[in-house]
Structures are given as structure tokens and as C-alpha cells.
Amino acid sequence: MQATYIPYLFVLLWATGFVSAKWGLPYAEPFTFLSLRMLLVVPLFAFLAIAMKRPRLNAVQRRQQMITGVGTHGLYLGGVFYAIAAGMPAGIVALIVGVQPLLTALVSWPLGIGSPLRPLQWIGVLLGLAGLGVVVLQGGKLSGHITGEGLSASIIALLGISGSTLWQSVKGGKTDLIAGGLWQYIAALIMFLIAAFALETREVQWNPNFIGAWMWSVFVLSLAAVLLWLYMLKIGEATKVTQYLYLTPPTTAVMAYLLFDEPLTLQTGLGVALVVAGLYLARRGAMAGKPALSKA
């Protein structure tokens, strides 16, 4: 495969994360599903760390990576899966958490982490927020198919991934990705097991659909996507992914429409277009000078 196409493949795989959640959640509760996912991911990453001879982390590094895991995997994945289980369309959940680069860029400067936003970035932030408002609100009330419970879970996911991005940039940016990822997943596994035993029945319908979604989430999302990312870092292509991640919300919306007949209304299309434009402009603004912290 030519290296030119690898960033696009990574973005495509990333977008399927929301679809796989929609695929498997009718057969297992969200935290039970995620517990099963992490029960496979943790030993897989441990094997990778040993096979690839990754450095062992000291106690401070392990703690830092576990805090990152609480936000990046625990709150983010937990919020996304809970929101979809609560009836939120996968495309809208992807749109809400997709504004994470705008949020981290917005708050990084006041926290002393990033640079002040440039004018083009401000325009991007405002467009992104306007796009969210168009999708989420209708006549001053929540749009159809959006519940308060699902919206709250989506916002928790957004705050989780944004906070962990800021934390990782300060505390864990130089940590080995495989070794750090292992401890992030361990933290997420602990969180999901506690939530599953405290809040859920832990019943699973073991059928081909659930097993397919489970295996996809483990081997394609948590394993293949990470290995692609490492390969891109090695060949210097990783920065290109950040230029294309703004395509994730519309890609997810189209996938959900085709696979699950999720509504793809004019209102949703307008909101997605505004958010994508906002992410694109914010990214261009960041590239024009020293960027504020962002994962766009």
C-alpha cells in the first residue's frame, strides 16, 4: 500500500468506531461491551510491548498514562457508547465529540499550554459551535432523536477526550506509545468493570452480530488503527492525519445512514458542514503559525 493512502485509511477506520458501537450495543450494555473489549486489548498490548521490546514505564509514568486512559478511553469511549445505547444517532455523537480539536485549542491558551488563537482559528471555533447548535437544537429545544441523557453522555465524552489531550501534552507526550497505551487501557478496563458490575446486568447475547462488533472493536480499532498510527509516525505521515480527521463526522453520518438508516436531514447536513468547515479553518489557522494545542 502506498504511504499516501495510509492517512485516509486511518481516518476511515477511526470513523467505524461509532458504527461498531451501534452494531454491537443491541446485544450488550455499554460498559459490559467495553469491559469485554478491554479484556482482550490489554493482553494484546502487553504482548506487543514485550514483542516490540518497548521500555518499561516507571511508577510516575504509569500513573500519568493511567490518568490519560481515564479520559481518553474511560470517559470518551464510555460516554460515546452510553450515548448511542441511550438512542443518540451515531453520526450526531461523532459530530459532538468531533469538535474536540476546537475545544482544546480554545482552552489551551488560558491554561498556559498553547498559543493565543489566530483570527482564522476563532472563525473556525465559532463555525463549529454554530454547527453543533444547528444539529442539537431545533426551535429552542432538543432536536428529534436527541435525548438529554444521550446528549449529556456525549458532552462527558467530549470533555474526557479534551481534558486527556491537554494532560497528555503536558505530562506524557514523550512516553512510548505502546507502553503508555497499555497502561491507558488498564485504567479503562478497571473503570468499565466497576461500571458494569455497579450499573448493569452484564448479560450478553452471544450472536454473530455482537461477536463481529466485538472483534472489530478489538482488532481493527484498538490494534490495527494504533499500529497504523505507529507506522505513520515512523515514515513521517502522522501529521497528515490531523489534516483529515475533520472528515470523521460526515463519514460516520453517511455510514450510519447506509447501515442503520439513521436520519440524514437537511438540518443535520448543514450542521455537519459548518462543523467540518470550522475544523478545517481552525486547522489552517494553526498551521499558519505556531499552533495552539490541537488534535484536529
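Bear in mind these aren't lab numbers, they're just calculated from the coordinates by the rules spelled out. The structure displayed is predicted, hence computed values, not measured ones. Heads up, the Cβs are rebuilt from the backbone with ideal geometry, glycines too, and the neighbour counts pull from every protein chain shown.
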Hey, got the dipole for the chain? About the Cα centre, +1 on K and R Cβ, -1 on D and E Cβ, debye to the nearest 20? 1100 debye
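Treat the range 44-181 as a sphere of radius equal to its Kirkwood radius over Cα pairs and apply Stokes-Einstein at 20 °C in a medium of 1.002 mPa s; give the translational diffusion coefficient in µm²/s, rounded to a whole number.
129 µm²/s
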Looking at the chain, do any whole DSSP H helices span at least 18 angstrom along their long axis by alpha carbon and average -0.5 or above on Kyte-Doolittle, and which? 6-24, 30-51, 119-136, 148-167, 177-199, 266-287
Mind grabbing the base-10 log of I(q)/I(0) for the chain at q = 0.12, 0.15 Å⁻¹? Debye formula, identical points on the C-alpha positions, no solvent, two decimal places. -0.77, -1.25
Summing -39500 (n - 2.57) over every DSSP H run of at least 4 in the chain, dividing by its residue total and rounding to the nearest 500, the 222 nm mean residue ellipticity is -22000 deg cm²/dmol
Over the range 1-94, consider all pairs of different Cα atoms and compute the Kirkwood hydrodynamic radius from their mean reciprocal separation; express it in Å, one decimal. 15.4 Å
Please list, ordered by chain and number, the residues whose modelled amide H lies under 5 Å from the amide H of LEU137; skip anything fewer than 5 residues away on the same chain. SER143
Straight-line reach from LYS53: which aspartates and glutamates have a Cα under 20 Å away, not including same-chain ones fewer than 8 places off? ASP176
Between the range 6-37 and the range 150-228, what is the separation of their alpha carbon centroids in Å? 10 Å
